[in-house]
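Here's the structure we're looking at; comments come further down.
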Amino acid sequence: MAAAWQDVVRDAAAVREAAAVAVDAALLAGVLMRTGEQPNASDVVNYAPFTLLPSAVPRALFEQAYAVQQDFNLLVDAVSQNREFLEQTLASTIKVDDFTARLFRIYKQVLEEGLAQTVVLGINRSDYMFDCGLEGTAALRQIEINTIAASFGGLTSRTADVHRLVLKVLGKSEEASQLLPNNPAKGLALGIAKAWELYGSQRAVVMFLVEEVQRNIFDQRCVENELWNRNIRVVRKRFRDVFEQGSLDASRRLYMDGQEVAVVYYREGYVPQVYDEQNWEARLLLERSRAVKCPDIATQLAGTKKVQQELSRQGTLEKLLPGHPEAIARIRATFAGLYSLDEGEEGDRMAATAIADPDRFVLKPQREGGGNNLYGEELREVLEKIKDSPERTSYILMDKIKPQPALNYLLRAHSPLQVSECISELGIFGVYVRQGRELVLNQAAGHLLRTKAIEHADGGVAAGVAVLDTPYLV
Ligand code: ADP
Ligand code: MG
């Protein structure tokens, strides 16, 4: 699978010509990001980083990832509704992790008041790598599932066209015609539109809850525009705006300066740095409201690393999804080894194992957004330091996935064109809508392939490490 473009990847002249075409095609197609210098203005923009060549992905694993997505939607939804499971699973974490504890407090508070809305909208992205076995066979291994602010569904709806053109320029029209169509933006919008419709007010708007620094606005605009195409009004607001303009009426309808909000779609809110006291107050207001939250706070908690680790424990899936043995088998087949570091014998043993052989593992805190995990020597140092303290509980341990690298060019503005050894991560978008007890929508909504140079252990596209890619099925 490493050798898809062997004949051209070292042909400097061909690569230079194709790269020039690729960059202009990306700009024309709208694969865009604002610049670091002017992150909140669109006067000067640039292309979002992407690979010159599509990356080879084993067809069987790609199909496996699609086939399990509805199961994962079901699972996330089940976890989010299971108070006992969330309480037990996160009990040790919230003793030591203030951020998760604070989210959990809001979760309990809204349950005690009683939920004002029975419609739930879930948009997630399940991420995988292809673990390379001894005989060179690859296996699909889930890295994590993102249940809040899963991004790049918009921009990646436009990358296949760019790669199709690049392959043609390189004399590979036949291969170009095999690149799959992909439109997560449409799929995400479909879910949001369904939730909006079930809310049941023509006048009410969809609110994108956005960041203070909005470099990735074009990714969001792709989804917004799909909603406008359906004649659904969209507004963009920050937590700060909610604090200043938001209010609830007697039946907990959410208003922003007098405008009723049907759906809150969070593209922000998953890192602790975002929350000062006013923003926590805004978050609570949104969660208490009758607006459909995507995700609601329970679903955000369902996406924590600690929950992921407990899901892999023998017997847990059976308890959460009774009567779904086939879904359980499909889900479990994607799990990598995951280990608790809670206080006690099991945690002691795993901590010792990881200290002895750190390259086998990844150490993960309860954080999202990339750049938080620990590897190799650093993993060993940190574990040595915390192995006898309760702080250990705020991490989980995971088997390190080792994909087979392939050569590619990572195209980034202001960066030299050079070949890199790369590995890829495949994400499948999932969308579901539940009304009361009934799932009225449950779909896979498209895919995202991100690729990075092997020297980076961690990090996504927004973190400046990975770039957008297109799968070429082999
Ligand atoms: P985050 O919530 O910060 O995105 P992830 O679990 O997705 O956390 O990890 C971030 C990145 O670290 C991933 O995109 C992947 O590149 C790398 N990574 C995470 N887990 C593993 C693993 N088990 N093996 C190899 N790389 C991993
Ligand atoms: Mg991730």
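Using a probe of 1.4 angstrom, how much of the accessible area of the chain is carbon and sulfur, in percent? All intermediate terms of the calculation are to be shown ahead of the outcome.
Values: 9220 of 19550 Å².
Carbon with sulfur: 47 percent of the solvent-accessible area.
Among the trypsin sites (Lys or Arg not before Pro) found in the range 163-203, those both in a DSSP coil and sparsely packed, with 12 or fewer other Cβ atoms within 10 Å of their Cβ, are R203. As a length-normalised measure over Cα pairs under 8 Å and 6 or more apart, the relative contact order of the range 204-323 settles at 27 percent.
Straight-line reach from K402: taking Cα to Cα under 18 Å and skipping same-chain neighbours fewer than 8 places apart, the lysines in range are K364, K452.
Extension gain, V235 to D98: 0.36 nm times the residue separation minus the Cα-Cα distance gives 46.2 nm. Amide H contacts of V292: V263, V264, each under 5 Å away and 5 or more positions distant or on a separate chain (H built 1.01 Å from N in the peptide plane; Pro and chain starts excluded). Dipole size of the chain about its Cα centre, with +1 on Lys/Arg Cβ and -1 on Asp/Glu Cβ: approximately 1120 debye, rounded to the nearest 20. Given the -39500 (n - 2.57) contribution per DSSP H run of 4+ residues, what per-residue ellipticity at 222 nm results for the chain, rounded to the nearest 500 deg cm²/dmol? So the helix-based figure for the chain works out to -11500 deg cm²/dmol. Full extension of the chain between E455 and S415 gives 12.7 nm of extra length, using 0.36 nm per residue less the Cα-Cα distance.
Measuring from centroid to centroid over Cα atoms, what is the spacing of the range 319-334 and the range 56-75 in Å? The two parts, judged by their Cα centres, are 14 Å apart.
The modelled label-to-label distance between E63 and E281, using points 7 Å beyond Cα along the C-beta direction, is 5.6 nm. The relative contact order of the chain, computed from alpha carbon pairs under 8 Å that lie at least 6 residues apart in sequence, is 26 percent. Full extension of the chain between V274 and Q443 gives 57.8 nm of extra length, using 0.36 nm per residue less the Cα-Cα distance.
Most simply put, the range 337-400 has about 100% antiparallel DSSP beta bridges, counting only bridges with both residues inside it. Relative contact order, whole percent, for the range 341-471 stands at 19, derived from Cα pairs under 8 Å and 6 or more residues apart.
On a per residue basis, the chain carries 41 Å² of accessible surface, using protein heavy atoms and a 1.4 Å probe. Centroid-to-centroid, using Cα positions, the range 157-212 and the range 370-391 are 38 Å apart. Only helices at least 15 Å long along their axis, Cα-based, and averaging 1.0 or more on Kyte-Doolittle count here, so list those DSSP H runs from the chain. In the chain, the long hydrophobic H runs are 12-29. Looking only at GluC sites (Glu not before Pro) in DSSP loops with at most 14 other Cβ atoms within 10 Å, what is the longest site-free stretch of the chain? Result for the longest clean stretch: 213-454. Within the same chain, aspartates and glutamates fewer than 8 places from K108 are excluded, and of the rest, those with a Cα less than 13 Å from its Cα are E84, E87, E287, D296.
If you take every DSSP beta bridge whose two residues both sit in the chain, what share of them, in percent to the nearest 5, is antiparallel? Numbers along the way, then the final one.
Working: 60 of 76 bridges.
Bridges in the chain that DSSP calls antiparallel: roughly 80 percent.
The values are calculated or read from the model by the stated rules, or taken from the named source; none is laboratory data. Model, not experiment: these values are computed from the prediction. Neighbour counts are summed over all protein chains in view; Cβ atoms, including those assigned to glycine, are modelled from backbone coordinates with ideal geometry. Side chains are part of the model used for accessible areas, which takes the heavy atoms of the whole protein and leaves out ligands, DNA and RNA. Shrake-Rupley method; radii C 1.70, N 1.55, O 1.52, S 1.80 Å.
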